[in-house]
Amino acid sequence: MHVLPFANEPIESFGTPEKLNEITTALKDVKAQFGKTYPMVIDGIKIHTDSTLVSTNPSTPSEVVGRAACATRDHADAALKAAWKAFESWKLWKQEDRSRVLLKAAQIMRSRKRELEAWLIYEIGKNYVEASAEVAEMIDFTEYYARLALKHVGSQGNLLAVPGEENSSFYIPLGVGVTIAPWNFPMALMTGMTVGAIVVGNTIVAKPAEDTIVSLSKVFDIFEEAGLPPGVVNYLPGKGGEVGAYLVEHPQTRFINFTGSLATGKRINEVAAKVGEGQRWFKRVFLELGGKDAILVDETANLDDAALGVIQSAYGYQGQKCSACSRLIVVDSVYDALLERVVERAKALKIDLAEKNPNLGPVCNAAQDAKVKEYLEIGKKEGKLLTGGRRLDVEGFFFEPTVFGEVSPTARIAQEEIFGPVVAAIRVPNFEEGLRVANDTVYGLTGALYSADRARIELARREFHVGNLYFNRKCTGALAGVQPFGGFNLTGTDTKTGGPDYLLQFLQMKAVAERF
C-alpha cells in the first residue's frame, strides 16, 4: 500500500473574509440542528432510549445543543458482546485494508471541517482557532496511526538466528477495549484513543463524556460512512458512574484507555487490577490524567516572548487543557518585570460567547464553574490577586483571566489542578530553586523554560521531570508525529499519543519457533 508521507493538518486562523464566512455559515447551519436526539450505536444498530442525556451550550446554558440515548448496563453487555463478535473477523483483515478505512475517515473529517468545528464551538465553548486545532489534531491522529500501523505488519525481523530453526515474531491485537474520553478535547482524544486501537485489529466500546455527546455522535457517523464494519466501534453514551464504571470492571474488557481526572484514573487503575470471574487476562490500563504544568523563566530570558507564552499556555481554551500553564515560576530579579507584562496582556483578553470568537469563552459546565469559583476564593487567601479573580454576572460560565502573585510553592493553588483560567505566580531566588519548585508536584505532564543560558537548558533537558518539555515556547500544542504526548508521575502511564510507540500498547508480540 502506497501512501504519501504524513504531514500535520493545517490549523485555520480565520484571517480572511472567506474563511470567516465559512465558519459563520457553519455555525448557522449547526444551530439550526439544536435539540435533536442522537442514538447509541451497538453492532451498527442505532438505539434510542426513553431516558436521555442532555448537552447544553456553556456560553448560554439554557440552549440545548442536543440529547442522546442513555446506556444502561444491559447496553454495555450488548456492546461488549458485539465488539468481541466483530473482533473475530476484524483482526483477520489485512493491515492495508484496515488502514485504508481510517484514511478514508480522515478525508471525510477534512471535508467536514467547518461543521465539526462549529459543533465544538457550541458544545464545549471553544473559539474558532481552538476548534480548528482540535479538528486538525483529530485528522492528524487518524492519518498518523493509519500509516504507523503498516510498520507493525508481519515478522519483525529483529531476532537472532539459531542453526536448525526458523524463528519469527509478530504482533497480534489484544481484543476488546474500552475508551473513555474527556470533554475538553472530545473529537481529537476520543478519535485518537479509538483509532489507535482499532487500526491494528482491536475492537472498541467508546464511552463519551456526558458534555460532548453530540460532537462525538458526528465522529462516529464518519466512521460508519468510511466503511468501518458494525461492531468494530460501539458508541455508548451514558453516565460515567454507572456505565463507565461497569465497563471498567467487566471481565470481558481486555484493556481500558482513559483520559480524564486523577481521581477517576486512580479508581480505574485500582478496579481494573482485580481479576473478575471468568476473566482470562490482566487488563491493560492506559491513563492520561491531570497536570500542574509550570513555565520557568530565568533572568536571561526574553521577557516579552515569555509573557506571550504564558498567556497562550494559561488561557488558551480557558485553561482547560491538561497541558495548560497553571504555575509561573520566575527568578526574583525579573519577577516584577515579567508579571507586569503578563498582567497587562491578561487584562487585554476579550471574554465573550464562544460563537463570537473571543480570546476566552466559557468553562465547560456547571461543575467546572463551581470548581473555579472555589479556587478563586482559595487563591485570594493564598496569594496576591494581580488581575481577574471574578466570575462574570451572566448566564454562561465565564471567568476573567486571573493571576495570583507571591504564591507559596506549597499552596493549594500551586499544587492542585484547577482546570480554569488561573495562574499561580511563584517567586524564586535563582534558576536552581526554580527547577526544584517546578518538579515539586505529583504531576509531570508538560513544562517550559524560557532562558538564553545553554547550560541551564541542557540541565533542564535532563532534570525537568515532565513528559513534554519545551524551551522558549509555550507548553501547550503538541503535534502528532512531532511531540509524542504523555506524562510522568501521577499524570498517568505516559502513553505518548501521536508517537511512534503508541500502537504497541494495543498489541502483543507472539514468538514462533520451528525446528527443521
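The values are calculated or read from the model by the stated rules, or taken from the named source; none is laboratory data. What you see is a predicted model, and the numbers here were worked out from it, not measured in a lab. Counting neighbours? That spans all protein chains shown, and the Cβs are built from the backbone with ideal geometry, glycine included.
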Residue selected from region 375-399 under the condition touching a helix residue (DSSP H, G or I) at 6+ places or on another chain (Cβ under 8 Å) and part of a loop (DSSP other than H, G, I, E, B), by the criterion farthest from residue 336 (Cα to Cα)
397
Provide a single number: the residues in region 281-300 that are of a type in the set (Asp, Glu) and assigned to a strand (DSSP E or B).
2
Restricted to region 126-157, and to residues that are free of Cβ contacts under 8 Å to residues at least 40 places away in the same chain and part of a helix (DSSP H, G or I), which residue is surrounded by the fewest Cβ atoms within 10 Å (Cβ to Cβ)?
151
In region 189-215, which residues are hydrophobic (A, V, I, L, M, F, W, C) and farther than 18 Å from residue 55 by Cβ?
193, 195, 197, 198, 199, 200, 204, 205
Which one of these is of a type outside the set (S, T, N, Q), more than 18 Å from the chain's Cα centre (by Cα) and in the same structural domain as residue 154 (by TED's automatic domain parsing): 455, 448, 511?
511
It is to be established whether one or more residues within region 211-223 are surrounded by fewer than 18 Cβ atoms within 10 Å (Cβ to Cβ), modelled with pLDDT of 95 or more, more than 19 Å from the chain's Cα centre (by Cα) and not assigned by TED's automatic domain parsing to the domain that holds residue 367.
yes
From 63, 123, which residue is acidic (Asp, Glu), over 26 Å from residue 202 (Cα atoms) and assigned to a helix (DSSP H, G or I)?
123
Would you pick out the residues in region 11-55 that are assigned to a helix (DSSP H, G or I) and loosely packed, with under 13 Cβ neighbours inside 10 Å?
17, 18, 21, 28, 29
Region 253-280, residues that are in a loop (DSSP other than H, G, I, E, B), touching a strand residue (DSSP E or B) at 6+ places or on another chain (Cβ under 9 Å) and over 17 Å from residue 76 (Cβ atoms):
260, 273
Restricting region 58-72 to residues that are touching an Asp or Glu at 6+ places or on another chain (Cβ under 7 Å) and either among the basic types (Lys, Arg) or closer than 24 Å to residue 244 by Cβ (or both), the residue that is surrounded by the most Cβ atoms within 10 Å (Cβ to Cβ)
65
Does residue 506 satisfy the criteria of being among the aromatic types (Phe, Trp, Tyr), surrounded by fewer than 24 Cβ atoms within 10 Å (Cβ to Cβ), at pLDDT 95 or above and at negative phi?
no
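The rows are residues; the columns are (1) closer than 27 Å to residue 3 by Cα; (2) touching a Phe, Trp or Tyr at 6+ places or on another chain (Cβ under 9 Å).
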| site | (1), (2) |
| --- | --- |
| 134 | yes, yes |
| 139 | yes, no |
| 166 | no, yes |
| 170 | yes, no |
| 173 | yes, yes |
| 176 | no, yes |
| 186 | no, no |
Within region 443-462, which residues are of a type outside the set (Ser, Thr, Tyr) and either in contact with a His (Cβ under 7 Å, 6 or more places away or on another chain) or surrounded by 14 or more Cβ atoms within 10 Å (Cβ to Cβ) (or both)?
444, 445, 447, 448, 449, 453, 456, 457, 459, 460
Only one of (1) of a type in the set (A, V, I, L, M); (2) free of Cβ contacts under 8 Å to residues at least 40 places away in the same chain; (3) surrounded by fewer than 23 Cβ atoms within 10 Å (Cβ to Cβ) is not met by residue 206, so which one is it?
(3)
Of the numbered conditions (1) part of a strand (DSSP E or B); (2) out of contact with any Ser or Thr (no Cβ under 8 Å at 6 or more places or on another chain); (3) not small (Gly, Ala, Ser), residue 338 satisfies every one except a single condition; which is it?
(1)
Give region 50-82 a look and list any residue that's out of contact with any helix residue (DSSP H, G or I) (no Cβ under 9 Å at 6 or more places or on another chain) and among the aliphatic types (A, V, I, L, M), or say none.
64, 78, 82
Exactly one condition in (1) in a strand (DSSP E or B); (2) in contact (Cβ under 8 Å) with a residue 60 or more places away in the chain; (3) β-branched (Val, Ile, Thr) is not met by residue 101; state its number.
(1)
